[in-house]
Amino acid sequence: MSPVGKPDCMVIGAGPAGLGAALAAREAGLKDVMLIERDVELGGILPQCIHDGFGSIVFDEVLTGPQYAQRYIDQVQAADIDVKLNTMVLEMAPDRRITAVNSREGIIEFEPRSIVLAMGCRERTRHQIMLPGFRPAGIICAGAAQRDINIDGIMPGRRVVILGSGDIGLIMARRFTLEGAEVEGVYEIMKHPGGLSRNVVQCLHDYDIPLHLSHTVTFIHGRRRVEAVTVAQVGEDLKPIKETERLVPCDSLVLSVGLIPENELSLQAGVELDPVTAGPVVDESMHTSVDGIFACGNVVSVFDLVDWVTRTAEAAGRGAAEYVLGKKKIRAPIRVKPGRNVRFVVPQLVRNLGREIDLYFRVEHPERAVRARVLAGGEQVYSRKARMVRPPEMIHAQISAVNAAGKVKEIKLEVVSHEE
Amino acid sequence: MKNKHEFLCINCPLGCILELTEEDGEILEIAGAECKVGEKYAEEEFRNPHRMVSTTVRISGGVLPLLPVVSAAPIPKVLVKEAVRALAEVEVDAPVEDGQVVYPNILDTGVDIISSRKLDSIT
């Protein structure tokens with residue numbers, strides 16, 4: 001076995017989060033930064049997201065996924081960062097000991113001085129939504145279909161039903177259509193589309209693809225290959241209404257029913273997870289509950305914009321550098337309490353209100369004419385009006401440095417009506 | 001004859017339903033917009049809607065079989081399907097640089113189709 005490597009910082013996952021974190025750690029003064037990626041190339045999910053709409057915040061221009069990734073890949077390759085491709089991390093211990101494997105070196109071990117978790121998220125499958133029926137070929141998650149079509153050049157189906165109206169599902173409805181498949185329709189159990197209205201218009205309306213709200217799939221037919229699905233309208237209780245059932249012939253069912261942060265490694269190391277986000281509890285430096293382990297991007301909470309993934313990655317990379325270089329004063333954490341119409345806030349903890357802090361949050365339900373505000377020790381430190389807030393859209397709030405930050409014991413983020 | 005056209009505004013989370021009334025191509029009224037951006041959007045969508053085009057083309061000798069490409073600017077919406085069909089016939093040789101022109105002046109729109117990543121050759 002080769003000698004144990006001891007990098008200043010090991011970043012696990014080379015998607016937008018890992019690329020941004022590795023660069024930020026390097027720029028903040030760490031010499032020995034290692035980036036581990038299980039795929040054959042850098043970029044994570046971005047190389048398959050060939051549509052545009054990335055980068056409007058970070059670069060102030062609209063890029064495709066591959067273009068966005070390319071900017072960071074170029075910088076990483078120029079930055080003297082030790083990149084290990086085709087390498088899978090198998091274990092992470094609470095003392096930061098890492099076991100990884102690749103076919104060139106076999107089992108390799110590391111004792112990094114800091115770790116940044118950047119493993120991203122996974123798609124929910126039919127099992128997580130307990131979809132009844134047979135188990136034939138032709139049931140595929142939207143992101144997997146995207147990879148088949150855009151990276152490998154394989155058409156996973158010719159007559160497609162899409163369940164769920166998340167952004168990836170909407171984008172794949174357009175993609176399947178442009179590649180010559182027929183998309184029979186998109187079925188969404190909720191009353192509102194799950195994705196952005198931009199995608200409803202440009203991916204469905206533009207191609208006359210029907211969106212069936214308050215509908216779901218109740219059965220999958222076909223023994224070897226999908227032959228049809230049964231769809232039905234759902235009532236207020238989201239339960240299917242038997243009389244509305246309809247048989248839809250198709251050869252594929254594409255699922256776009258949500259994403260889950262990928263935290264198997266985090267759990268091995270004893271990292272505390274937030275039950276609402278399903279990701280690690282972090283402070284404003286993206287430090288988790290385990291000493292020297294940081295996390296960023298979709299492993300922390302599923303973001304809807306890659307730009308915010310990059311911003312959290314930069315905070316994590318800087319945090320790891322401060323930790324290793326001994327610049328980080330560890331202060332007692334203050335919990336950021338989600339108040340009225342706030343489902344969760346990331347980071348969940350704040351240690352130093354004396355600097356600018358970025359908070360990301362989602363609302364619980366749609367609401368018009370609101371004000372988002374942050375109270376620190378009862379004093380308002382942030383306030384912004386919005387005409388409309390909706391759960392699918394993550395909201396960013398940047399708080400400026402607070403005077404007498406040391407005295408604050410409680411921080412609360414709430415969404416209230418305009419007038420309050 | 002008066003005609004009504006409905007558009008869903010994509011410019012902010014409000015998602016206003018915009019109703020445009022026209023007579024022989026002349027816009028008489030745009031209802032439902034809560035702001036000027038929405039009105040302008042409805043007019044643009046009625047008169048001259050444009051879209052970006054993104055797809056893949058085959059690449060020979062590359063580390064991957066496909067190269068993602070994108071239009072350098074939006075093209076008229078009605079031409080998108082035809083543009084994607086034209087690009088389905090294209091094959092380029094690796095290596096390719098990010099931003100390299102893959103198909104100039106697609107369908108005489110004056111817009112180039114460019115590579116949206118760097119893609120190395122196998123050797």
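The values are calculated or read from the model by the stated rules, or taken from the named source; none is laboratory data. Everything quoted here is computed from the prediction, not taken from an experiment. Here Cβ is always computed from backbone atoms with ideal geometry, including for glycine, and neighbour counts include all displayed protein chains.
Which residue, of A:V4, A:V58, is more than 14 Å from every other protein chain (Cβ to nearest Cβ), in contact (Cβ under 8 Å) with a residue 60 or more places away in the chain, within 19 Å of the chain's Cα centre (by Cα) and surrounded by fewer than 24 Cβ atoms within 10 Å (Cβ to Cβ)?
The unique qualifying residue is A:V58.
Pairs needed: first member in region A:321-333, in contact (Cβ under 8 Å) with a residue 24 or more places away in the chain; second member anywhere, among the basic types (K, R); C-beta distance under 7 Å; at least 6 residues apart or different chains.
A:E322/A:K328; A:V324/A:R113; A:P333/A:R351
Run down A:G20, A:G44, A:G55, A:G5 and say which single residue is at pLDDT below 95, among the small types (G, A, S) and under 30 Å from A:N150 (Cβ atoms).
A:G55
Checking A:G169 against (1) modelled with pLDDT of 95 or more; (2) surrounded by fewer than 21 Cβ atoms within 10 Å (Cβ to Cβ); (3) out of contact with any His (no Cβ under 9 Å at 6 or more places or on another chain), which single condition isn't satisfied?
All conditions pass for A:G169, except number (2).
Within region B:47-66, track down each residue that is in contact with a Pro (Cβ under 9 Å, 6 or more places away or on another chain), surrounded by 14 or more Cβ atoms within 10 Å (Cβ to Cβ) and either in a strand (DSSP E or B) or more than 8 Å from chain A (Cβ to nearest Cβ) (or both).
Those that are in contact with a Pro (Cβ under 9 Å, 6 or more places away or on another chain), surrounded by 14 or more Cβ atoms within 10 Å (Cβ to Cβ) and either in a strand (DSSP E or B) or more than 8 Å from chain A (Cβ to nearest Cβ) (or both): B:P49, B:H50, B:R51, B:V53, B:S54, B:T55, B:T56, B:V57, B:R58, B:I59, B:G62.
Consider A:G195 against the criteria (1) modelled with pLDDT of 95 or more; (2) assigned to a loop (DSSP other than H, G, I, E, B): it satisfies all of them except one. Which criterion is unmet?
(1)
Given A:I45, A:I81, A:I98, which one is touching a residue at least 60 places away in the same chain (Cβ under 8 Å), in contact with a strand residue (DSSP E or B) (Cβ under 8 Å, 6 or more places away or on another chain) and not charged (D, E, K, R)?
None of the others qualify; the one that does is A:I98.
Quick check on my filter: what residues within region A:179-215 are within 9 Å of chain B (Cβ to nearest Cβ), more than 18 Å from A:R390 (Cα to Cα) and surrounded by fewer than 21 Cβ atoms within 10 Å (Cβ to Cβ)?
Those that are within 9 Å of chain B (Cβ to nearest Cβ), more than 18 Å from A:R390 (Cα to Cα) and surrounded by fewer than 21 Cβ atoms within 10 Å (Cβ to Cβ): A:E179, A:G180, A:H205, A:D206, A:Y207.
Could we say that A:I162 is more than 30 Å from A:R311 (Cβ to Cβ) and either outside any helix (DSSP H, G or I) or touching a residue at least 24 places away in the same chain (Cβ under 8 Å) (or both) here?
yes
Is there a residue in region A:63-75 that is out of contact with any Ser or Thr (no Cβ under 6 Å at 6 or more places or on another chain), aliphatic (A, V, I, L, M), farther than 21 Å from A:M10 by Cα and within 13 Å of chain B (Cβ to nearest Cβ)?
Yes, some residue in region A:63-75 is out of contact with any Ser or Thr (no Cβ under 6 Å at 6 or more places or on another chain), aliphatic (A, V, I, L, M), farther than 21 Å from A:M10 by Cα and within 13 Å of chain B (Cβ to nearest Cβ).
Which of the residues spanning region B:73-94 are within 11 Å of chain A (Cβ to nearest Cβ) and in contact with a strand residue (DSSP E or B) (Cβ under 7 Å, 6 or more places away or on another chain)?
Correct list: B:P74, B:K77, B:V80, B:A83, B:V84, B:L87.
Considering only residues that are facing another protein chain (nearest Cβ under 10 Å) and touching a residue at least 24 places away in the same chain (Cβ under 8 Å), look in region A:147-159 and name the one that is farthest from A:V257 (Cα to Cα).
Applying the first criterion (facing another protein chain (nearest Cβ under 10 Å)) to region A:147-159 yields A:149-154.
Next, only the ones that are touching a residue at least 24 places away in the same chain (Cβ under 8 Å) stay: A:149-151.
Working: A:I149: 19, A:N150: 20, A:I151: 22 Å.
Filtering region A:147-159 for residues that are facing another protein chain (nearest Cβ under 10 Å) and touching a residue at least 24 places away in the same chain (Cβ under 8 Å), the one farthest from A:V257 (Cα to Cα) comes out as A:I151.
Which of the residues that make up region A:209-219 are closer than 22 Å to A:I171 by Cα and either part of a strand (DSSP E or B) or out of contact with any helix residue (DSSP H, G or I) (no Cβ under 9 Å at 6 or more places or on another chain) (or both)?
If the condition is that a residue be closer than 22 Å to A:I171 by Cα and either part of a strand (DSSP E or B) or out of contact with any helix residue (DSSP H, G or I) (no Cβ under 9 Å at 6 or more places or on another chain) (or both), then A:L211, A:H212, A:L213, A:S214, A:H215, A:T216, A:V217 are the ones that fit.
Show me the strands (runs of 3 or more DSSP E) found entirely inside region A:329-420 where at least 3 residues are within 14 Å of chain B (Cβ to nearest Cβ) and in contact with a Ser or Thr (Cβ under 8 Å, 6 or more places away or on another chain).
A:367-376
Looking at (1) assigned to a strand (DSSP E or B); (2) more than 18 Å from B:N105 (Cβ to Cβ); (3) in the same structural domain as B:I106 (by TED's automatic domain parsing), which is the one condition that is false for B:V69?
Failing condition for B:V69: (2).
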